[in-house]
Structure formats: C-alpha cells, structure tokens
1. Calculate the mean, over all residues of peptide B:57-63, of how many other protein chain Cβ atoms lie within 10 angstrom of the residue's Cβ.
2. At what distance in nm do the modelled label points of A:R31 and A:A289 sit from each other, each positioned 7 Å from its Cα along Cα→Cβ?
3. Between A:F144 and A:L274, what is 0.36 nm times their sequence separation minus the Cα-Cα distance? Round to one decimal in nm.
4. With r as the distance between the Cβ atoms of A:L374 and B:T152 and R0 = 35 Å, compute the FRET efficiency 1/(1 + (r/R0)^6) and round to 0.05.
5. For the stretch B:162-175, take each phi angle, set θ = phi - 60°, evaluate the Karplus expression 6.51 cos²θ - 1.76 cosθ + 1.60, and give the result in whole Hz per residue in order, putting x for glycine and proline.
6. Could you tell me how many degrees, from 0 to 90 and to the nearest 10, lie between the Cα long axis of helix B:86-95 and the main elongation axis, the longest principal axis, of the Cα atoms of chain B?
7. Can you give the local net charge around B:T162? Use residues other than it whose beta-carbon is closer than 12 angstrom to its beta-carbon, Lys and Arg +1, Asp and Glu -1.
8. If DNA, RNA and ligands are ignored and the probe is 1.4 Å, what is the ranking of A:H168, B:H120, B:H9 by accessible area, most exposed first?
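The values are calculated or read from the model by the stated rules, or taken from the named source; none is laboratory data. Just so we're clear, the structure is a prediction, and the values are computed from it rather than from any experiment. Cβ placement follows ideal geometry from the backbone for every residue including glycine, while neighbour counts extend to all protein chains displayed. Surface areas here come from the heavy atoms of the whole protein model, side chains and all, with no ligands, DNA or RNA. Shrake-Rupley method; radii C 1.70, N 1.55, O 1.52, S 1.80 Å.
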Amino acid sequence: MTGDDALSRADASSRNARKALARGDRTNARRAAFLALESDPTCELAWLVLAALADPPARRNYLEHILAVNSKSQRAINALKVETGERRMLERAHFVSRGNRSPDGVSAIEDTKPHKSVRTPASIVAKGAPNGVESSAAPITASFVRAKQNLVQDLRVVATSCEMALKHAATDSFIIFAVFVQPLIIALLGLYMLRERGGDYAIFVVVGSGLTGLWSSLLFVSGGALNQERWSGTLESLVGMPTSLEVIVFGKNLAYVTQSLGSMVLAYALASVLFGTPLRIAQPLVFLASIVLTTVSFVCLGLLLAPMFVANPDIRNFVNALEYPMYILAGFLFPIALLPGWTTPLSYVLAPYWAAEALHAASTGTAALSNIALDWGMLLVLGAAYVLIGRWLFRVFLRKARQDATLDFF
Amino acid sequence: MEAARSPMHRLAANIRLFYEGAYLSYVALFTWFAPWTYLASKIIMPLGQILFFTYLGTYATGPGSADFYVIGNAVQLAAISGVYGVTMSIGGDRWSGTLPYLFGSPANRLTIFIGRAAIHVVDGMIGVVIGLGWGALLLGLDMSHTDPLALTLTIVVTAFSTSGLGLMLGSLSLITVNVMFVNNLIYFMLLIFSGSNLDLTKLPAIMQAVSQGIPLTRGIASARLIIAGGSLAEVAPLLVQEVGIGLIYALIGYAMFRWFEIQAKRRGTLDVV
C-alpha cells in the first residue's frame, strides 16, 4: 500500500466516522475513527471524533495530542476552549459527545485534512497524550494556550467575585464598622496618644490606623466571607464549581482589602480636619507603589487564612484573638523595637510588617529608597509564599472537608 | 392555689426564674464553656488589647506610664461582658424567635431583665481580674500597695455599671437590626471616653462631659488610685457615682424594655427581625 493510498483510506474512514457521529452511531463512529488512524496515525478528523466520543479527561488528552501534531489546528484549539471553558461550553461539548448536531461541535470536526507524521498509533493510544520528540515546540504552545485561557477565565472570576463582594459590603453594617469606623476610632486614639511625640506623628498614625483597617478587614470580613457562604448554603456549590475556590477567595479578598484602603483616606481627613494637622506624604510615588504591593500581599495573606475557615468553622471564634497581635507584631502604630527580641522573627514573616515599614518610610521620608525596595521585595516574596502555602492548605482542607462531609457544618 | 400566690412562693419562683434565665442566657450566648472559645474571647483577646495599648501608650509617653494603660485596659475589659454579653443575652431572644414566648409568659419582667445581666457581671469581674493578672505577669504591674477589698469592690461596681449600659443597649437591640454595629461602636468609644487610654483632662471640654456621663470612667479612675496605694475612703465617692450611673442606665433600659414590649404587642411586631 502506497502512502497516498493510506492517506485516502484514512480520509474516507474519518469522514465515515464523522457521519456516524452526526447520526448518533457512536460504535461505528469509534470503529471508523480507529480504522482511519490505522492508515494515518495523524488523521486529525479521526482524533477529533474520538475526542467528541470521550469523557472530559480523556477528551483533553485527545485534543492536546492533535495540537502536538499540528499546533495551529483551529478546531482543536476551539474544542480545547470548550473543554476548559465554563459550563455553557461544557454543555456544548457534551452535546457533541452524545452525537447530536451542535453548531460548535460539528464545525470543530468538519473540513479536516490529514497531516503527516512519523508517530505510531500504538504510542499515541497507549499513552493518550502527546509524546513526539519531533514536535517538541507544540506541547509548549498548547500549554501556553491553555495557561492563557485559564488565566483569562480566572481573572474573569476574580472580577465577578470582587464585584459581588463589594456590593455585599456596601450594605453590611458589620463590614462598614470593621473597615471604616474602627480604624477611624483607632486613628482618633492614636492621634491623641501620640500627639506629644510631635514630628510626623499624624501621618504615622494615619498610615498605621489605615493598616489596622486592612488587617481587621482581612481577618473578619474576608475570613467571615467563607463562613457567610457556609451559612447561606452556597459553600458547597462554590467548592463544586470548575473554578478553584482560591480564585474566588482571591476576588473577595481583593474587594475587601481595596475597600479598606478607604479607612486610610478617612483617617487622613480626620487628622487634617479635626486636628488641623498639615499632612504631607514625603514620597508620593513610592507611597503609591507601596500601597499597591501592600494590597497584593494582604490579599495573598488572606489566601492563607481562608482555608482554615473552610477546615474549621469554629475558627471564627478565634479571630477576635488574632486582631491585636498583628497590630503589635507588624508595628502598625509603634516600632517593633519596643517588643521583646524573640518576637522579631515573627514580625519578619508577616507581610503586614514589611507593608508598615514601606508605608511609614514613604510617608514620613525617613528611609532610603534602597531600604524601601527591600520592603517591597519582602512583600513580593512573602506574598508568593502565602499563595503557595494557601493553595496547598486549600487542597488539603478541602479534601478533608469532602471526606468528612463537613462543608456545610457550622 | 392560695399557696402558689403567697409571697414566699412568688419569691421562690422569681429566684428560680432569675437563676435559670441567667444561666441559660450565658450558656446559649457564647458557648463559653467550650474551652477554646473561652480562651480566645476571654484570655487571649484581652491580652492583645492590653499589650497593644500599653505599648502604644509607652511609645507615646515613656515606659514609666505603663501602669496607666495596663489598669485602664484591664478594667475596661469589663465592657466585653457588660456590653456584648448583656446586649446579646437580651437581643438574642429576638433573633432566636423566643421573644414572643418570653413576652407571652406571665413571668416577672424585672426578674427576667436583671437575670439576663447577672451572670455577665460575674463574668466581667473575672475578665478584669484576668486583665490585671496579665498586667502583673507580663508588664510589671505593681500591686503591692493595693487594698484588695477596695479593688474587689471597684471591680464589682464597674462590672455592674457596664452591665447597666448593656441592659440599655440590649433593650435597644429589640428595635434595631444593627445591634453588633451599635455594640462595637460603644465598645470602641469607651476606649476613648472612659479614660482607659487617654488623660481625660487633656481632652476637649465636650469630650470630658461625655466621659462623665458614661460607666467605666470612675471605675477606672478608682482602680488606678487603689493600685497606687489609695484607700477605700478615697475612692468611695467615685464608686457611689459609678453605681448611680449603672443604675440610671439599667433603669432606662428596663423602661425601654417594657415600652418596646407594649408597643410590639400593640403593633403585632414581636417577631419582626
């Protein structure tokens, strides 16, 4: 049999497979697809039919294989989008797999043209995933495409979660207290207490009390948000969604932490209006950059806290006890040099400490940029560490909660 | 029937009502008999507050002033039980849907009302003792010149007066949905106005006036005097005034409690939450 004969036989068999799939004859569709692959292991249409017939995990392997052979296969890319997309997309994929005519599904396997390759069907079918040495760039491209799609999807979830959290926060008096009123009272106390120190005490208090708002918000509101879901009976639904829970929590944390930055603005207004203190931020741009990094690191820290709320609803009884220790160890309103020496390492592993260092230095202009850069670096490093540990904790605690069937316990 | 109406039986029934109401409201409210919850709410959180404000205060005015902040915050801890505990004990009936049954019962209202606060007075006293204990243990609070009897009396009186405030707030919680907002606001305002962290004489006149009209202010001042070596006679006027303020708040609270009951029955809004 010549190469051209094999290709034409593969072409005919794959078209038969597609027709069988379209009329719902799954057995003959699978048989014809395998027949096509015997003649041409790279027959794209045959692989697409097998992908349409497969369950989701195997379907992804088939599609990734097509991309490994032909990284520009638009139908495979589209189908992979379906595979990794949201529920609507998944339903379409399911529609195709059942052999019904779906506009997207059918278009994904139409007008195919075989591609040549030296890969054997045995190796492909046995491993169910691309393994070709000769097309090493293709898996990288496929991974990149998949990563990009996942990122876009996650960002969309973060934005939605953030928007919903902000709407909820606007009507919740407890959140309003934690985010705005409490930091304002602490600012008032701080302004009276530190007045005798003179110097830049006012801006120091404004920044410090704002940071207390960020922490209290993260602790009570972000942490409580998951318990709120539990009480509303929606936590199980969130956990069961294709999007990972930490992405949703990230969006919530982002909303609450960003919102609580408003407490700093209020404290600023309080200090300048009530106390008539001239307030000046010594390094505005550096301060702004510090604010951004502070926000990111606080949100990441929230990812470390949230899994604990998933694991144990009783942790809410403990959050009251965690509020002041952070105020103290992070040096929000007084330097940690006042504390016993053994507490210093504890401060160093807390991103809020580095945030306070950077913000106080930028607002009062008491540190060189190199020192602030170190604070920024620590914020980034600790933020990344919190994310990694948080992801691990999410995985462990969610698995345990599923095994023990305690997700809806409160 | 005659026997059931006798004064002795009525007294016995009220005592039973008082005891059961006090005990059950305490157990049901905070589940503080769970060791970890109690540890967090009553031991670690107060320690955090004392440490934070003491370090902040000494940063502002030097290490010599630590006792001022330790005592102020330790006594102020009575408000955890007085404000949060008492308020939630009364307001909790509304949220758990038992208020209609309570108001539908023939039980003596004053007994029910006072019973809700009683155990929180004891709990508040324990909170203050724990706070002072932390101060002595970790922050070098010197209590060697303290008159124990006078200090005990001060703690009892302060816990009582803050519970009076709590009774008033509890009655208010029967008509507001933002009870925790109010509680949190009052608790934090007490940190400013009670003098636990500020020298009241340096505050503006209007703030000083507010300070004189709330519980805790005199209790904290009295505790500071006693721990510095003062006698009971010296602080007696302060304690009498503190009791008076507590009574005024409690009476206002009781009047509100009865008025809300009458209004709610009239309008059919007892179970509106």
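1. For this peptide, the per-residue mean of nearby foreign Cβ atoms is 4.
2. 6.9
3. Computed gain between A:F144 and A:L274 is 41.3 nm.
4. For B:T152 and A:L374, the calculated efficiency is 0.10.
5. Each residue's phi maps through the Karplus curve to give 5, 5, x, 4, x, 5, 5, 5, x, 5, 5, 5, 6, 10 Hz.
6. 40
7. Charge balance near B:T162 sits at -1.
8. B:H9, A:H168, B:H120
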